[in-house]
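To start, the structure under review is shown below, and the notes come after it.
The values are calculated or read from the model by the stated rules, or taken from the named source; none is laboratory data. Values in this document were obtained by computation on a predicted structure and should not be read as measured data. Note that we place each Cβ from the backbone using ideal geometry, even for glycine, and neighbour counts take in every protein chain shown.
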Amino acid sequence: MWVLAVPAQYMRFVEMISERGVVDAFKNKYTAAISTSIHLFDHTAHNYMMAVCEDLNMKYIDGISFYILDLKNKKKQKLLDIFAENFFTAIENKSPASRSFKPLTFSEFIYKPAAPPFKAGRFTIKVDLYVYYS
């Protein structure tokens, strides 16, 4: 299953980081994203992964996406080599990484259900039904 063009297993891994209390293990670590796909909403997946890394206080350097069979191509393999070289250079040079997304904010909202504002058996439900045909 894919959500935001990211595999559910990846999303579960992210959830487990907090559940297991190991968020600090990721702090200030350098990170990059490499993906293969059919180039459908790759930017959404990479933005999600970048935002997760930023929320973990990681130093996100860059991301790259290849078409599913690109890595059989010598030119694409060279692009991957260049990407990796740039990533390792950023680590060696302790390059700064700026945030692209605002940090998560948490709310102390507590849901308190209330009784409905009508008496049982004496209410009207209005339904607007719109049907579109193409």
Could you please let me know if Leu80 is modelled with pLDDT under 90, farther than 16 Å from Ser100 by Cβ and surrounded by fewer than 17 Cβ atoms within 10 Å (Cβ to Cβ)?
no
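Rundown of residues vs (1) farther than 22 Å from Lys102 by Cα; (2) at pLDDT 95 or above; (3) outside any helix (DSSP H, G or I), yes/no style:
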residue: Tyr10; (1), (2), (3): no, no, no
residue: Ala25; (1), (2), (3): no, yes, no
residue: Thr31; (1), (2), (3): no, yes, yes
residue: Asn47; (1), (2), (3): no, no, no
Phe101 meets each of (1) surrounded by 10 or more Cβ atoms within 10 Å (Cβ to Cβ); (2) modelled with pLDDT under 85 with one exception, condition (2)
Being of a type in the set (Phe, Trp, Tyr) and out of contact with any Lys or Arg (no Cβ under 9 Å at 6 or more places or on another chain), is that true of even one residue in the range 40-52?
yes
Can you confirm whether Ser18 is at pLDDT below 95, polar (S, T, N, Q) and assigned to a loop (DSSP other than H, G, I, E, B)?
no
Top-ranked residue in the range 18-55 [being among the β-branched types (Val, Ile, Thr) and in contact with a strand residue (DSSP E or B) (Cβ under 6 Å, 6 or more places away or on another chain); ranked as nearest to Pro7 (Cα to Cα)]
Thr36
Of all residues in the range 8-57, which are of a type in the set (Gly, Ala, Ser) and on the phi > 0 side of the Ramachandran plot?
Gly21
